[in-house]
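Each value in this text was obtained by applying a stated rule to the coordinates, not by laboratory testing. Bear in mind that the values here come from a model prediction, so they are computed numbers and not experimental data. Reconstructed Cβ throughout: ideal geometry from the backbone, glycine too, with neighbour counts over all protein chains shown.
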Amino acid sequence: MKWTAGFLVPLAVSLAGISAQAQITVTKPIPSVATIRVDAGKAAGTVIPRTIFGSFLEPIGNSTYNGLWAGLLENPSLEAGMWDAPHVAEMLKAHPDLARASQLGLPLPWEPLTAGQGNRYEPVYGNAANSWRSLVVIGIPGQPVGIRQEIYSPVERTLSYKGSLYARHISGPAGLTVSLRMRNSAEVLASAHIDAASTDWTKYSFTLELPQGRLHRLAPADFAVEVQGELTRRGSSIC
Amino acid sequence: MRNHEVVPVADMTGIMEFAGIWKARGQVFGAPGYYVFKMYATAHATRPVRVETNGGSYSVKRGVTRLPDIENAPYLDVVAALDKSGDRLTLFCVNRSLHTDIPADVSVDGFASTGTAKVQTLAAAYLSEGNDEVDPHRVTPVDSVDKVEAGKVHHTFPHASVTVITLDRSAQ
């Protein structure tokens, strides 16, 4: 990512936007030793207001969510329609596996916990704790079922991550496990078990502590939510 | 700063992303423009004073659409301002030359300074250099100190650089 210093703009803009016709002419050569004379006893204009260094924040990219509001997940509320078609195309180009995940009913950029997992998901509209949609996840006895998302952790400055999720138990075993794993691997780096027994939407908080030195800076990992459950009619709803 | 009476905000880009603070692969980093903004914004220099420079100049014809012609732009451009109390004088110096480091003799009248000037310089080998998640600190301000003798400082401004020189009033 290349940026020019903002205060060099006049020349930088001239050169950055240069066409074949632009001309730069030296009107006075740079001397071998330049001179700068400051007379602090003579004012040169009115007081500069501090507000000249005001700024603004635009809800674009990672500016607000996952920026000012520190976070690791994209689309944590499992919504649909978050991105327009060109952005979706970019996401699929960067992560082709998301196409199959989408076919299984998972919102972008969530993926099934294990590759080859069948359709264990059902998006539900109008029944969620804090958003428009929730996701029913139907477990299989003895098999890991859940969802995961690729994340990048700022391990160079913290190994401790706090999170929360809303869940509603439907049937079967009520346990959920949230974890941080090596990317595309079953190797768990940190995990927390949640007893999500409530049949009402309930917020559950957790903390994940990464072990020192296991995940390197700039290396991707998976954040995963795994349900316990049995075939059909049983599962958990997450939003 | 020089045009503050007609320009109410110095930087119209968002503080996050654009010319500000970025995040990629979990690594937060600032664009060089962010550091320039920070150098200026934290200087608290509000009372501009007179400055004359003699560092050469250039003109542009048929440049970018919004500002096609620029006459006699100084290579070494300096704005100087006192803080609210008048006890600190700050020089904001831009060397617009892409290739030439400019040595300069700085003389200050009307302000009895201590014997040292604090200097912060933002520069890189090439104007196109920036920061990213791999090297988040590739282009960041570098602190140094210059000696002040009888109100004079000698400093070499690197090409394509932004430098902030701070002088504190002597207690005498």
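Restricting to Cα pairs below 8 Å that are 6+ residues apart, what does the relative contact order work out to for chain A? Please round to a whole percent.
On the way: 393 pairs, mean separation 45.8, N = 239.
Normalised by residue count, the contact order of chain A is 19 percent.
Is the shape of segment B:12-152 best called rounded, prolate or oblate, per the rule: a/c under 1.5 gives rounded, else a/b larger than b/c gives prolate, else oblate, with a ≥ b ≥ c the square roots of the Cα gyration tensor eigenvalues?
Numbers: a/c = 1.83, a/b = 1.28, b/c = 1.43.
Oblate shape, in that a/c is at least 1.5 and b/c is the bigger or equal ratio.
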(message) I want to check the label-to-label distance for B:Lys118 and B:Thr156. Put each point 7 Å from Cα in the C-beta direction and report it in nm to one decimal.
(response) 2.5
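Want the number for A:Val124 to A:Leu92: 0.36 nm per residue separation, take away the alpha-carbon distance, what's left? Walk me through the intermediate numbers first.
Numbers: separation 32, 0.36 × 32 = 11.52 nm, distance 2.36 nm.
Full extension of this stretch gives 9.2 nm more.
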(request) With everything on Cα atoms, drop me the angle between helix A:85-94 and the longest principal axis of chain A, reported from 0 to 90° to the nearest 10. (result) 80
(request) Can you tell me the dipole magnitude for segment B:89-138 around its Cα centre, using point charges on the Cβ only (Lys, Arg +1; Asp, Glu -1), in Debye to the nearest 20? (result) 180
(request) Starting from the Cα of A:Trp201, step 7 Å along the direction of its Cβ; do the same at A:Arg100; then give the gap between the two resulting points in nm. (result) 3.2
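Take the residue pairs A:Lys162/B:Lys118; A:Lys28/B:Lys147; B:Lys23/B:Lys147; B:Lys61/B:Lys118; A:Lys42/B:Lys38; B:Lys84/B:Lys152 and return only those whose Cα atoms are more than 31 Å apart.
Working: A:Lys162/B:Lys118 41 Å; A:Lys28/B:Lys147 29 Å; B:Lys23/B:Lys147 39 Å; B:Lys61/B:Lys118 37 Å; A:Lys42/B:Lys38 27 Å; B:Lys84/B:Lys152 23 Å.
In this structure, A:Lys162/B:Lys118; B:Lys23/B:Lys147; B:Lys61/B:Lys118 lie more than 31 Å apart at Cα.
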(request) Show the residues, 5+ positions off or on another chain, whose built amide H is closer than 5 Å to the amide H of B:Glu17. (result) B:Trp22
(message) 5 Å is the cut-off here: which amide hydrogens, built 1.01 Å from N in the peptide plane, fall below it relative to A:Ile48, excluding neighbours closer than 5 in sequence?
(response) B:Arg47
(message) I'd like the GluC sites (Glu not before Pro) in segment A:132-193 restricted to DSSP loop residues with at most 16 other Cβ atoms within 10 Å, sorted by number.
(response) A:Glu156, A:Glu187
(request) Please order A:Trp201, B:Trp22 by the number of other Cβ within 10 Å, starting at the fewest. (result) A:Trp201, B:Trp22
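Can you bin segment B:64-142 into rounded, prolate or oblate? Criterion: square roots of the alpha carbon gyration tensor eigenvalues sorted a ≥ b ≥ c, rounded for a/c under 1.5, prolate for a/b above b/c, oblate for the rest. Write out the running numbers ahead of the final one.
Working: a/c = 2.10, a/b = 1.34, b/c = 1.58.
Oblate, since a/c reaches 1.5 and b/c is not below a/b.
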(request) Give, rounded to the nearest 20 debye, the magnitude of the charge dipole that the protein assembly as shown has about its Cα centre when Lys and Arg contribute +1 at Cβ and Asp and Glu contribute -1 at Cβ. (result) 240
(message) Could you derive backbone 3J(HN,Hα) for segment A:200-206 from the dihedral phi with the Karplus parameters 6.51, -1.76 and 1.60 (θ = phi - 60°), listing whole Hz in sequence and x where the residue is Gly or Pro?
(response) 9, 4, 9, 8, 10, 9, 8
(message) Could you give each residue of segment A:100-112 its phi-based ³J(HN,Hα) in whole Hz, using Karplus coefficients 6.51, -1.76, 1.60 with θ = phi - 60°, and x for Gly or Pro?
(response) 5, 4, 5, 5, 7, x, 8, x, 5, x, 6, 10, x
(request) List the relative contact order of chain B as a percent without decimals, with contacts defined as Cα pairs under 8 Å and 6+ residues apart. (result) 24
(message) Quick query: amide H of B:Ala43 versus all other amide H atoms, modeled in the peptide plane; which residues come in under 5 Å with a sequence gap of 5 or more or a different chain?
(response) none
(request) Would you kindly derive the ³J(HN,Hα) couplings of segment B:128-136 from the backbone phi angles with the Karplus curve 6.51 cos²θ - 1.76 cosθ + 1.60 (θ = phi - 60°), listing them in order in whole Hz, with x for Gly and Pro? (result) 7, 6, x, 10, 8, 6, 6, 10, x
(request) Treating the angle as unsigned and between 0 and 90°, give the value, to the nearest 10°, between the Cα long axis of helix B:32-41 and the longest Cα principal axis of chain B. (result) 30
(request) Can you tell me the relative contact order of segment A:31-128? Whole percent, Cα pairs under 8 Å, sequence separation 6 or more. (result) 14
(message) Among A:Val178, B:Val7, A:Gln23, whose Cα projects farthest towards the positive end of the dipole of the protein assembly as shown, with charges put on the beta-carbon of Lys, Arg (+1) and Asp, Glu (-1)?
(response) B:Val7
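Net charge near A:Ile147: determine it from the other residues with C-beta under 11 Å of the C-beta of A:Ile147, scoring Lys and Arg +1 and Asp and Glu -1.
Working: positive: A:Arg120, A:Arg148; negative: A:Glu111, A:Asp222, A:Glu226.
Residues near A:Ile147 contribute -1 overall.
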(message) Under a Cβ-only charge scheme (Lys and Arg +1, Asp and Glu -1), can you give me the dipole magnitude of chain B about the Cα centre, in debye to the nearest 20?
(response) 220
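Shielding of A:55-64 by partners, i.e. mean partner chain Cβ atoms within 10 Å per residue? Walk me through the numbers on the way to the answer.
Values: counts 12, 7, 5, 6, 2, 4, 6, 7, 9, 2.
Shielding by partners across A:55-64 averages 6.
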(request) Calculate the mean, over all residues of peptide B:73-81, of how many other protein chain Cβ atoms lie within 10 angstrom of the residue's Cβ. (result) 5
(message) I want the local charge near A:Pro96. Using Cβ-Cβ distances under 14 Å, sum +1 for each Lys or Arg and -1 for each Asp or Glu among the other residues.
(response) -2
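Within 11 Å, Cβ to Cβ, of B:Tyr58, how many net charges do the neighbouring residues add up to if Lys/Arg are +1 and Asp/Glu are -1?
Working: positive: A:Lys28, B:Lys61, B:Arg96; negative: B:Glu71.
Taking every Cβ under 11 Å from that of B:Tyr58, the sum is +2.
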(request) Assuming a ≥ b ≥ c are the square roots of the Cα gyration tensor eigenvalues, decide whether chain A counts as rounded (a/c under 1.5), prolate (otherwise, with a/b larger than b/c) or oblate. (result) prolate
